[in-house]
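Scroll down for the structure; my scribbles are underneath it.
Only the coordinates and a few stated rules stand behind these numbers; no lab work does. Keep in mind the model is a prediction, meaning the values are calculated, not measured. A quick note on method: Cβ atoms are made from the backbone with ideal geometry, for glycine too, and the neighbour counts reach across all protein chains shown.
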Amino acid sequence: MVRMAFTGGLQGVRISSSQRRTRKWVLGAAWALFLAACGSTLMNQRVETKAKGWTLVLKKIKDGPDDYATGNGHFVPPSGKRFLSFAVTLRNDEGTARLFNYSRCDLDVGPDRALPVLVDKDMVINVLADEEETLKPREELPRVLIFSYPNDRLPTRLACGELLINLHWDKS
């Protein structure tokens, strides 16, 4: 992870540490909002799958932006890769609270798998979710699974454990 650093400012003006923290947060949030608007939509339709007491709804797939900023840093994919973002909703269909681990989600990369490098809470600003979350009975969580994926290809499926969504791309 690369940390963001804010430099510059007005000469001779004293700024308290709380004002600096607030300024960093506001600038980070503004940067996150700017970047959230970038990227091209690859798919924008609802696809739902169910398995073992879970429902996964894929709502949108975006290619990029290739920068994910938070209030205290930002992430970029390695050379030769880009970020693919999958906006999903996860629902616990069971009558008891259950743990879900996002590291069970993956995309195919030929014979290999790509795990999410980031899980976002799908809010107005970028906020990272925990790798594991407990969902109450019937609770739904919107999330964005962000994968670092090779530039020259697209995945054919998204899987989260037994939850499987096949992806079909227009060849035109």
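Pairs of Lys residues in region 17-166, spaced 8 or more positions apart or belonging to different chains, with C-alpha separations under 23 angstrom: 16 in total.
Placing a label point 7 Å from the Cα of residue 97 along the Cα-to-Cβ direction, the residues of region 136-172 whose backbone N falls under 14 Å from that point are 136-139.
The simple spin-label model puts a point 7 Å past each Cα toward its Cβ; for residue 168 and residue 154 those points are separated by 1.2 nm. Close amide-amide hydrogen proximity is noted between residue 154 and no other residue 5 or more places distant or on a separate chain, at a cut-off under 5 Å (H modeled in the peptide plane; Pro and chain starts excluded).
Taking amide H as placed 1.01 Å from N in the peptide plane, residue 54 has its amide H under 5 Å from the amide H of 93, each at least 5 places away in sequence or on another chain.
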